[in-house]
Amino acid sequence: MTERAKIKKKLDAEFSLFIRRRDKFTCVTCGKVGYERDGEMQCGHLFSRIALSTRWDEDNAFCQDRGCNFRHEMDWMPLELYYREKRGDEAFDRLYRKYRTPKKYSNAELNEMLEHYRKKNKEKRDA
């Protein structure tokens, strides 16, 4: 595994924990409540993680249980409806444009984001 891939993997883990904590381990799609180490709650993305422009965007990520996150791959409508209801059509359109705009991060930028989410997770844990 390359150094870049290692950084992205660590960043994914920290970002996922931050999102699940932010959403209080509650699936935004079905309302199921989990807890931090249950392995059931995941960080779901409205727009695919493949696009780096929105992969670590807090507006694109939500806590979902494993089943809802998996179903989202086949049926994106429930999460889109949730998003539009909570944030509005303009926010959805803005996020979609961002998703469609290519973005490449340097390793230094990825490391900055990694440290940012490590710090946020530590603050949340210590609170």
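The values are calculated or read from the model by the stated rules, or taken from the named source; none is laboratory data. Just so it is clear, the structure is predicted and the values come from calculations on it, not from any experiment. A quick note on method: Cβ atoms are made from the backbone with ideal geometry, for glycine too, and the neighbour counts reach across all protein chains shown.
Here Asp23, Asp93 are screened, and the one residue that is at pLDDT 95 or above and closer than 25 Å to Leu110 by Cβ is Asp23.
Scanning the stretch 32-44 finds one or more residues that are surrounded by fewer than 16 Cβ atoms within 10 Å (Cβ to Cβ) and part of a strand (DSSP E or B).
This table checks each residue for (1) of a type in the set (Gly, Ala, Ser); (2) under 22 Å from Leu52 (Cβ atoms).
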{"residue": "Gly67", "(1), (2)": "yes, no"}
{"residue": "His72", "(1), (2)": "no, yes"}
{"residue": "Asp75", "(1), (2)": "no, no"}
{"residue": "Lys86", "(1), (2)": "no, no"}
{"residue": "Glu90", "(1), (2)": "no, no"}
{"residue": "Arg94", "(1), (2)": "no, yes"}
{"residue": "Met113", "(1), (2)": "no, yes"}
{"residue": "Lys119", "(1), (2)": "no, yes"}
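Taking the stretch 47-88 and the helices (runs of 4 or more DSSP H) fully enclosed by it, the elements with 3 or more residues that are at pLDDT 95 or above and out of contact with any strand residue (DSSP E or B) (no Cβ under 9 Å at 6 or more places or on another chain) are at 77-87. Filtering the stretch 22-47 to residues that are in contact with a helix residue (DSSP H, G or I) (Cβ under 9 Å, 6 or more places away or on another chain), of a type in the set (D, E, K, R) and within 12 Å of Ala61 (Cβ to Cβ) leaves only Arg22.
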